[in-house]
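What follows is a single structure, written as C-alpha cells, with notes after it.
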Amino acid sequence: MSKRQTNTSQLAKIRIKAGYTQAEAAILLDIGVNRLGRYETGLNDMTFRIGEKMAEIYNVPFEDIKQAVLANKKISNDENSTNTKNKPEVIKEIERKRNKRKTNKTILMEALNEAEKWKKSQLS
C-alpha cells in the first residue's frame, strides 16, 4: 500500500464514518463518482464550495475537511516533486474567502437588523 493510499483515505474515512458510499456522496455533492475519487486521493484540487458541501453533508467541521485535504496535498507533493503549486497558499485563499463570506453575512445581518428597527419605528 502506497503512502498516497494510506493518507489519502482521510477524506474517504470521513465520508465512510458519515455513512455514505462514494456514489451516494457524489450525488449529494452534485459531482461524479470519479471526481470524488480523485478528490479523495488528492489527484484533483477541490474547490472551496465542494469542501464546504462535504463538511455540511458529512456533518463535520470544515476544519476536518481542510486537514484531510492538506494531508492529501502533503503526500501528493512528496510523491510528485514537480508540483509547483504552493498548497499552503491554497488553504490561505480558502480561509480568506471563507472569512470574507462571513463578513458579508455579518453586513447583511446588520442591514436586516437596521431595517427591522426602522420598520418598528415607523409602526410606533
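Read the figures in this text as sums done on the coordinates, not as results from a lab. Remember, predicted model here, so these are calculated numbers, not experimental data. Note that each Cβ is placed from the backbone with ideal geometry, even for glycine, and that neighbours are counted across all protein chains shown.
How far apart, in nm, are two points set 7 Å out from the Cα along the Cα-to-Cβ line at LYS92 and at ARG35?
2.8
Would you please put 35-43, 20-28 in order of how densely packed they are, using the mean number of other Cβ atoms within 10 angstrom per residue and starting with the highest? All intermediate terms of the calculation are to be shown ahead of the outcome.
Working: 35-43: 19.8, 20-28: 15.9.
With the highest mean Cβ count within 10 Å placed first, the list reads 35-43, 20-28.
Report ³J(HN,Hα) in whole Hz for each residue of segment 27-43, in order, from the Karplus equation J = 6.51 cos²θ - 1.76 cosθ + 1.60 where θ = phi - 60°; Gly and Pro get x.
4, 5, 7, 6, 9, x, 4, 4, 5, 4, x, 5, 5, 5, 8, x, 6
Distance between the C-alpha centers of segment 53-73 and segment 11-27? Whole Å please.
12
With each pseudo-label sitting 7 Å past Cα toward Cβ, what's the LYS120-GLU56 distance in nm, one decimal?
3.0
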